[in-house]
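One structure is given here, and the rest of the page talks about it.
The values are calculated or read from the model by the stated rules, or taken from the named source; none is laboratory data. On a predicted model such as this, the values are computed, not experimentally measured, just so you know. All Cβ positions, glycine included, derive from the backbone under ideal geometry; neighbour counts span all protein chains shown.
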Amino acid sequence: MSDLAIELHWHRTEAVLEPGKYTAEHVVRYGETHEVSVDAAPDWGGRPENTNPEQALASALSSCHMMTFLALSAKAGWPVATYHDYAEAHLGRNAKGQMSVTRIDLHPVVRFDTGFEVDAVALAEMQDRAHRYCFIANTLADSVEINIL
């Protein structure tokens, strides 16, 4: 299997590294040309204009789920025209009492070519299959809910 990598770079901008008195803002590079400014979530002192690891986790799951859904749809002959998702990561305490992403909700909306229809049961089954085959969902285990709109 392949190894997939990113580069992360952070440097201290304050004179001294003290608890609660430093920035967590950093850059994550994907490949040679794409950089993303990342920070802590705003509730933890991060800048809201930057992404945060919890959003990145929700994004990774949403993207993986969509790509899996599209692959299964193509194989089934379903002419998907558009796919939109609203993914939301929820923070809380896990069973060990540690802060974690306790749940990620996906809300995919799928539209097909004009004239093609699929019933709600078949669409739900395809979304469930996409969830079961998604690499990221399998990594996260049971912390994902799919809410089909």
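Only residues that are without any contact (Cβ under 8 Å) to a residue 40 or more places away in the chain, closer than 17 Å to E88 by Cβ and surrounded by 12 or more Cβ atoms within 10 Å (Cβ to Cβ) were counted in segment 47-56, giving 5.
Among residues of segment 5-34 that are on the phi < 0 side of the Ramachandran plot and touching a residue at least 12 places away in the same chain (Cβ under 8 Å), those with a Cβ under 7 angstrom from a residue that is among the small types (G, A, S) and part of a loop (DSSP other than H, G, I, E, B), sequence gap 6+ or separate chain, pair up as A24/A40; A24/G46.
Output yes when any residue across segment 61-81 is among the small types (G, A, S), under 30 Å from W10 (Cβ atoms) and modelled with pLDDT of 95 or more, and no when none is. Talk me through it step by step, then tell me what you get.
Step one: filter segment 61-81 for residues among the small types (G, A, S), giving 62-63, 71, 73-74, 76-77, 81.
Going one step further and asking which of them are under 30 Å from W10 (Cβ atoms), we end up with 62-63.
Then drop every residue that is not modelled with pLDDT of 95 or more, which leaves 62-63.
Yes, the conditions are met somewhere in segment 61-81.
What about V27, is it in contact with a Phe, Trp or Tyr (Cβ under 9 Å, 6 or more places away or on another chain) and closer than 21 Å to A87 by Cα? Considered against the rule, which asks whether it is in contact with a Phe, Trp or Tyr (Cβ under 9 Å, 6 or more places away or on another chain) and closer than 21 Å to A87 by Cα, V27 comes out as no. Set side by side, the residues E49, E35, E18 differ, and just one is under 19 Å from the mean Cα position of the chain (by Cα) and in a loop (DSSP other than H, G, I, E, B), which is E49.
Checking the structure you have, find out if any residue of segment 3-10 is among the aromatic types (F, W, Y) and in a loop (DSSP other than H, G, I, E, B). Yes, the conditions are met somewhere in segment 3-10.
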